[in-house]
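Engineer: Quick one: structure below, then a few questions.
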Amino acid sequence: MLLGALVPTFLLSRLLLWITKRWNGGVSRLLLVHIICGVLAVVASAYGYSQTGAPDWSHSPVYIVAQLIWLIVDFVRGRRQSQPAS
């Protein structure tokens, strides 16, 4: 289930990071983009897994964890890019 959540959260976060690439916000840009992506992914999954038309929030933690994984990956990548080559 986590693997299925990693793909859409990755695609959504890359799309929003690409849209906001002109904003040189650093950590605040990363946090804002990932918070927005997390909210969108959770809401989309709640309605996507719904059987009766009412949102099913039971799958939300999986999408939150997937989004946190991509946030950590982006933090690590940003830190590596900002360090001078030795």
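The values are calculated or read from the model by the stated rules, or taken from the named source; none is laboratory data. What you see is a predicted model; the values in this text were computed from it and never measured. We place every Cβ from the backbone using ideal geometry, glycine too, and count neighbours over all the protein chains shown.
Engineer: Considering each of Tyr47, Tyr63 in turn, give the residue that is aromatic (Phe, Trp, Tyr) and either modelled with pLDDT under 95 or more than 10 Å from the chain's Cα centre (by Cα) (or both).
Structural biologist: Sole residue among the options that is aromatic (Phe, Trp, Tyr) and either modelled with pLDDT under 95 or more than 10 Å from the chain's Cα centre (by Cα) (or both): Tyr47.
Matching residues to (1) free of Cβ contacts under 8 Å to residues at least 24 places away in the same chain; (2) in contact with a Cys (Cβ under 7 Å, 6 or more places away or on another chain); (3) not aromatic (Phe, Trp, Tyr):
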residue: Leu2; (1), (2), (3): no, no, yes
residue: Leu12; (1), (2), (3): no, yes, yes
residue: Leu15; (1), (2), (3): yes, no, yes
residue: Ile36; (1), (2), (3): yes, no, yes
residue: Tyr49; (1), (2), (3): yes, no, no
residue: Pro55; (1), (2), (3): yes, no, yes
residue: Pro61; (1), (2), (3): yes, no, yes
residue: Gln67; (1), (2), (3): no, yes, yes
residue: Trp70; (1), (2), (3): no, no, no
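Engineer: Then there is this: Just the residues that are within 17 Å of Gln81 (Cβ to Cβ), assigned to a helix (DSSP H, G or I) and not polar (S, T, N, Q), please, taken from region 12-30.
Structural biologist: Arg14, Leu17, Trp18, Val27, Arg29, Leu30
Engineer: Out of the residues in region 9-41 that are under 16 Å from the mean Cα position of the chain (by Cα) and over 18 Å from Ile72 (Cα atoms), which is surrounded by the most Cβ atoms within 10 Å (Cβ to Cβ)?
Structural biologist: Checking each candidate, the answer is Leu40.
Engineer: For region 55-83, enumerate the residues that are assigned to a loop (DSSP other than H, G, I, E, B) and in contact with a helix residue (DSSP H, G or I) (Cβ under 9 Å, 6 or more places away or on another chain).
Structural biologist: Correct list: Pro55, Asp56.
Engineer: Does Ser45 fit the bill of being among the hydroxyl-bearing types (Ser, Thr, Tyr), assigned to a helix (DSSP H, G or I) and either under 22 Å from Arg79 (Cα atoms) or touching a residue at least 12 places away in the same chain (Cβ under 8 Å) (or both)?
Structural biologist: yes
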